[in-house]
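Colleague: Encoded as structure tokens, here's the structure I'll be asking about.
The values are calculated or read from the model by the stated rules, or taken from the named source; none is laboratory data. Keep in mind that what you see is a predicted model, and the values were worked out from it rather than measured. Cβ: placed from backbone, ideal geometry, glycine included. Neighbour counts: every protein chain shown. Areas reflect the complete protein model, heavy atoms only, side chains present, ligands, DNA and RNA absent. Shrake-Rupley method; radii C 1.70, N 1.55, O 1.52, S 1.80 Å.
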Amino acid sequence: MNNPFRKDLVSRSQPEACTVVIFGATGDLTHRKLIPALYNLQLEGALPAGVKIVGFARREKTDEQFRSGLEEINRKVSRSGHDDEVWADFAQKIHYHQSEFQDADGYKRLAESLEEIDQERGGKGNRLFYIASAPSFFDDVLESLKDAGLNSCRAGCWSRVIVEKPFGIDLPSAQHLNEVVNKTFQEKDTYRIDHYLGKETAQNIMVLRFANAIFEPLWNNNYIDHIQITCAENLGMEGGRGGYYDKAGALRDMVQNHLLQLLSLVAMEPPTDLTADGVRDEKVKVLRSLRQWDTPELVAENVVRAQYTEGHVDGEKCVGYCQEDRVDPESTTEAYVALRIMIDTWRWSGVPFFVRMGKQLPKKATEISVHFKEPPTVLFNALSGGVPGGNVLVIRIQPDEGISLRMVSKIPGARLRLEPVKMDFHYSTSFGKGSPEAYERLLLDSMAGDATLFARRDEVEEAWKFIDHIESAWHESSNPPPVADYVAGTWGPKEADDLLAEGGRKWRRL
Amino acid sequence: MQILGKEVAIGSVDRELRLLWEQDKASTNASLMNLAVYSENDGAILRNSDLVQEITREHACRAILIGIDRDDPKASIRAWITAHCHLRHGRKSVCCEQIAFQLTGRATGRLRNTVFAHLNSDLPLVFWWQGELSSIFSERLYSLIERFVFDSSQWSDPAESFKCIERALKNANNFSPMDMEWTRSYAVRLAVAGLYDDPLAKQSLEYTNSIRIKVHPNHKMAGLQLLAWIIQSNGWKPLMDKRQDTEISDRFCFETNEGVEVTAVVETASSAAPIAELEISSPDCTVRVSRGADSRYLHQLLNVGSHRVEQSTPVSGNDPAELFMAQLSRGGKNSLFRMIIPTFLSFLGVNEEEIYGTNIE
């Protein structure tokens, strides 16, 4: 039965009251993202009454100690500030449950606690399990949930699981994890979170493409020369991140999930509707159509990996990748990767997608740029300077979210001289109010049973299939493509520039 | 009048605006809509310039302030231009231009031509009408408006004014009315919806037998709209013959889909917050949303069986700029408000036949 008061009140699916159980509750993700997101939802009145939060972790803590630790961080990071009165009510929803991840008894006690909460709340038993623990515990948590019977629910209720990235480290591990997840929860109740999809600009890609009649007719190989997707970071391995990163690398850490998700949103066909499967069916078709770079030679031709060497970023001196804390000095893990991706569909035949991601680049920015073909130069090619480049549509994901379009214009004057000009839309200029955090939207969606912005099993596996060929060429072939280098604070290695040089293309200067 | 900026000749408003921007190359001119703020009250144009300064922090627009003085014997039109600038996210100075027009005497008849010659093309027109509706609110005006914002708490005869709004709705395709009284009740509606997300509360809804709404005497429209929303959302039937009105309360009766008779009372108290309390009760469940007169929190209580939820959420005050911004932020066609209008009008004793036979002078 729907809540009649929700009708037309806010234009989104209705979140339902539930108990959110967070595994890995003493970690950074819980403190810095999940709890502030839930708090801000409460602050805005968007969190259904009766939501309870149970933190599950190994350390000994009381409810009060857990709450006060969360409060301390929330004061610092909450996007809407911290209100003591609201927090006092919110904190009463939070409980702590101490247990090892493998301890069957701990899950039994959890089931009893959840039962008590349900009783107190009037018998409804919706449960949302958020696995924010280290990936090595995913199996344990999922299997223990099943053994404790927490994966099932009463009639009319639901039991869902949110799984944080990394979703596997390769195709076999992802398939294994998917099997474990799907033995425990049905696919419809599985929410693989990719916080990039919760970002306002990522959501706007579909609106831009399908709500504006001027773009879609041009969105194909007749008019588009190539597309670039860039994720630049101006940080290295600070905060002990080197240990994780050196095992993962840029390709697994960012490209397999975030950047291929963005690529599929840019390249997909219009979905038949906006249901979760309507959208995800189209996205997975893109991933299935990726041309596989399945030999070391093809990988060498189409993918560049690199590490940064000592240099300066933002005026600060920084060490090379292999000198970073917790990084193997002999490491061949890539801190930078650039790929040429071809999508073998009618729409994208012959249009390369260039994707790059790197650490210790000059600035932090994520964007998609659509480079249109140049017009016939028959009219203006005789002019000194010629025609200054084609049209470029840029979708900025972060920071400074917005959209810009580069066009060519005549410089005022008696002579006919052409220069590029930019039409620029900034979210921050046009909309003074800040966007909600991606996790707020995604948590509400999972409470409402809307999986549109979450990755489906086949999407994840198709993405790994593509990535695994490259990883295999790098780490398992007898003749692996080399690891290039670039000075920290520059825009990546020369080899990445060469990837585009054919056809006179260049990476967009951010 | 200094606050309104530079006084310019009516014929050179556009040229002067261009010069204004040329002087300051560091700023970005942003606009997502035309915002006209109209008032017939003395001195309102100056206060409205302050309101626009606030509004442009979040909503980039071209603002057009309109001050009308019909009683002035002299017919005149004066214009001023200025820009409201804000630093966005500590970085960029974003500015919105403002044109103020003061029309007096017989020149007020030239409102439409004068003002609407200065709209930003292609952008929607949001028209904020302050105070009582007057004869200037005619089809010639409202046919140009996308969103019409008004505050029915300022109306001396709401029934008559709402008839005009309803007529505009029927006559103009894109006209979307937005009542600040409805905006005032948003936080209460959101809280009620949140409390009824609780499954037990939801189950008890059809067994509701009492609704009590307490409002400040100036905000009775908000109370009646809130009641209309409850009734309309649930599809309950009015039992009109059981209605009783007194000076301090209006009593209505309804029947739920389960055949339970609901007594609803909208009462006023001069010491209360604009919307002080809403309580929906059934034998097993009480949902109460309340706010103290000076409190900035909305207290929410759900009592169902042995289960009790209590929480507070911060709410904005009764400041017109805040209310206006809240209304703009939600965007859309305000379909929910349109849906409750017929029920709400029936509470005011207005029926559909009356609407087309009334004119305001």
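Colleague: What's the magnitude of the charge dipole for the protein assembly as shown around its Cα centre, counting Lys and Arg as +1 and Asp and Glu as -1 at the beta-carbon? Answer in Debye, nearest 20.
Modeller: The calculated dipole for the protein assembly as shown is roughly 2160 debye.
Colleague: For B:E22 paired with A:Y223, estimate the spin-label separation in nm (one decimal), with each label point 7 Å from Cα along the Cα-to-Cβ line.
Modeller: 3.6 nm
Colleague: Counting each pair of different Cα atoms once, what's the Kirkwood radius of the stretch B:2-180 in Å, rounded to one decimal?
Modeller: Taking the inverse mean of 1/r over all distinct Cα pairs, the stretch B:2-180 comes out at 16.9 Å.
Colleague: By how many degrees, 0 to 90 and rounded to 10, does the Cα axis of helix A:138-147 deviate from the longest principal axis of chain A?
Modeller: Long axis of A:138-147 versus the principal axis of chain A: about 30 degrees.
Colleague: Turning to a different aspect of this structure: With a probe of 1.4 Å, find how much accessible area the protein assembly as shown has per residue, and write the answer as a whole number in Å².
Modeller: The answer is 42 Å² per residue.
Colleague: Using a Förster distance of 51 angstrom, determine the FRET efficiency expected from the C-beta separation of B:I10 and B:E261, and round it to 0.05.
Modeller: Approximately 0.25, to the nearest 0.05.
Colleague: Something else about it: Within a 10 angstrom radius of each residue's Cβ in B:199-211, how many Cβ atoms of other chains show up on average? Whole number is fine.
Modeller: Averaged over the peptide's residues, the number is 3.
Colleague: If you don't mind, another one. Report the FRET efficiency, 1/(1 + (r/R0)^6), for A:R59 and A:E179, where r is their Cβ-Cβ distance and R0 is 25 Å, rounded to 0.05.
Modeller: Given R0 = 25 Å and the Cβ-Cβ separation, E is 0.25.
Colleague: Can you tell me the FRET efficiency between B:S295 and A:N479 if r is taken as the Cβ-Cβ distance and R0 is 56 Å, rounded to the nearest 0.05?
Modeller: Plugging the Cβ-Cβ distance into 1/(1 + (r/R0)^6) gives 0.15.
Colleague: Taking the stretch A:4-164 as the region of interest, what is the percent of Cα-Cα pairs per 10 angstrom bin, listed from the shortest bin to the one with the maximum distance?
Modeller: The calculated distribution, bin by bin, is 10, 40, 37, 13, 1.
Colleague: Another question about this same structure. Just the number, please: buried accessible area between A and B, total of both chains, 1.4 angstrom probe, nearest 100 square angstrom.
Modeller: Summing both sides, the interface buries roughly 3400 Å².
Colleague: Turning to a different aspect of this structure: So, by mean Cβ neighbours within 10 angstrom, what's the order for A:330-340, A:471-481 with the highest one leading?
Modeller: A:330-340, A:471-481
Colleague: Determine the equivalent ellipsoid of chain B by diagonalising the alpha-carbon gyration tensor, then write out the semi-axes as square roots of 5 times the eigenvalues, largest first, rounded to whole Å.
Modeller: They are 41, 24, 16 Å, listed from largest to smallest.
Colleague: In the P(r) worked out for the stretch B:183-320, what percent of Cα pairs fall beyond 27 Å?
Modeller: Looking at the stretch B:183-320, the distances longer than 27 Å represent 17 percent of pairs.
Colleague: Follow-up question, since we're still on this one. How large are Rg and Dmax for chain A when only the alpha carbon atoms are used, in Å?
Modeller: Cα radius of gyration and Dmax of chain A are 24.4, 85 Å respectively.
Colleague: Rg (Å, one decimal) plus Dmax (Å, integer) for the alpha carbons of the stretch A:126-275?
Modeller: In order Rg, Dmax, the Cα atoms of the stretch A:126-275 give 18.8, 56 Å.
Colleague: Two decimals is fine: what is log10 I(q)/I(0) at q = 0.20 Å⁻¹ for the stretch B:190-270, from a Debye sum with one equal scatterer on every Cα and no solvent?
Modeller: Log10 I(q)/I(0), no solvent term: -0.93.
Colleague: Determine the shielding of peptide A:40-47 by partner chains: average, over its residues, the number of Cβ atoms on other chains within 10 angstrom of each Cβ.
Modeller: 4
Colleague: Mean residue ellipticity at 222 nm from the helices of chain B, using -39,500 (n - 2.57) per DSSP H segment of n ≥ 4 over the full residue count, to the nearest 500 deg cm²/dmol?
Modeller: Rounded to the nearest 500, it is -9000 deg cm²/dmol.
Colleague: Please compute the volume of the convex hull spanned by the alpha-carbon atoms of the stretch A:271-336 and report it per residue in Å³.
Modeller: 187 Å³
Colleague: Still on this structure, please answer the following. Provide the solvent-accessible area of A:T62, counting protein heavy atoms only and rolling a 1.4 Å probe, rounded to the nearest 10 Å².
Modeller: Counting only protein heavy atoms, A:T62 exposes about 70 Å² to solvent.
Colleague: Using a Debye calculation, one point per C-alpha and no hydration shell, please list log10 I(q)/I(0) for the protein assembly as shown at q = 0.05 Å⁻¹ in order.
Modeller: -0.34
Colleague: Considering only DSSP beta bridges whose two residues both sit in the stretch B:2-180, what percent are antiparallel, to the nearest 5?
Modeller: So the antiparallel bridges in the stretch B:2-180 amount to around 35 percent.
Colleague: Next question, about the same structure. Using a 1.4 Å probe on the protein heavy atoms, what percent of the accessible area of the stretch A:4-164 belongs to carbon and sulfur?
Modeller: 45 percent
Colleague: Still on this structure, I have one more. Take peptides B:254-264, A:304-314 and line them up by average Cβ neighbours within 10 Å, highest first, as a rough protection proxy.
Modeller: My ranking of the peptides, most packed first, is A:304-314, B:254-264.
Colleague: Within 10 Å of each Cβ in peptide B:185-194, how many partner chain Cβ atoms are there on average? Round it to a whole number, please.
Modeller: Counting other chains' Cβ atoms within 10 Å and averaging over B:185-194 gives 5.
Colleague: Also, I was wondering about something else. Starting from the stretch A:133-203, pick out the trypsin sites (Lys or Arg not before Pro) whose DSSP state is loop and whose Cβ has at most 10 other Cβ atoms within 10 Å.
Modeller: Passing sites in the stretch A:133-203 do not exist.
Colleague: Can you give the helix-only mean residue ellipticity at 222 nm for chain A, where every DSSP H stretch with n ≥ 4 adds -39500 (n - 2.57) and the sum goes over all residues, rounded to the nearest 500 deg cm²/dmol?
Modeller: Here the helix-only value at 222 nm equals -9500 deg cm²/dmol.
Colleague: I would also like to ask the following. With no solvent and one equal point scatterer per Cα, compute the Debye intensity ratio I(q)/I(0) for the stretch A:78-182 at 0.13, 0.21 Å⁻¹ and report its log10, rounded to two decimals.
Modeller: -0.60, -1.17
Colleague: DSSP loop chymotrypsin sites (Phe, Trp or Tyr not before Pro) in the stretch B:261-361 with at most 13 other Cβ atoms within 10 Å of their Cβ, which ones?
Modeller: Counting only loop positions with at most 13 other Cβ atoms within 10 Å, the chymotrypsin sites (Phe, Trp or Tyr not before Pro) in the stretch B:261-361 are B:Y356.
Colleague: When the dipole is taken about the Cα centre of chain A, and only Lys, Arg (+1) and Asp, Glu (-1) are charged at their Cβ, what size is it in debye, to the nearest 20?
Modeller: 1700 debye
Colleague: For the stretch A:418-488 and the stretch A:218-265, what is the centre-to-centre distance using only Cα atoms, to the nearest Å?
Modeller: The stretch A:418-488 and the stretch A:218-265 have Cα centres spaced 6 Å from each other.
Colleague: For a quick check of your reading of the filter: which trypsin sites (Lys or Arg not before Pro) in the stretch B:239-302 sit in a DSSP loop and have no more than 15 other Cβ atoms within 10 Å?
Modeller: Those satisfying the criteria are B:R243, B:R296.
Colleague: Counting Lys and Arg as +1 and Asp and Glu as -1, what is the net charge of the other residues whose Cβ lies under 13 Å from the Cβ of A:N221?
Modeller: Result for the local shell: 0.
Colleague: Taking the Cα centroid of the stretch A:76-101 and of the stretch B:233-283, what is the distance between the two, rounded to the nearest whole Å?
Modeller: 37 Å
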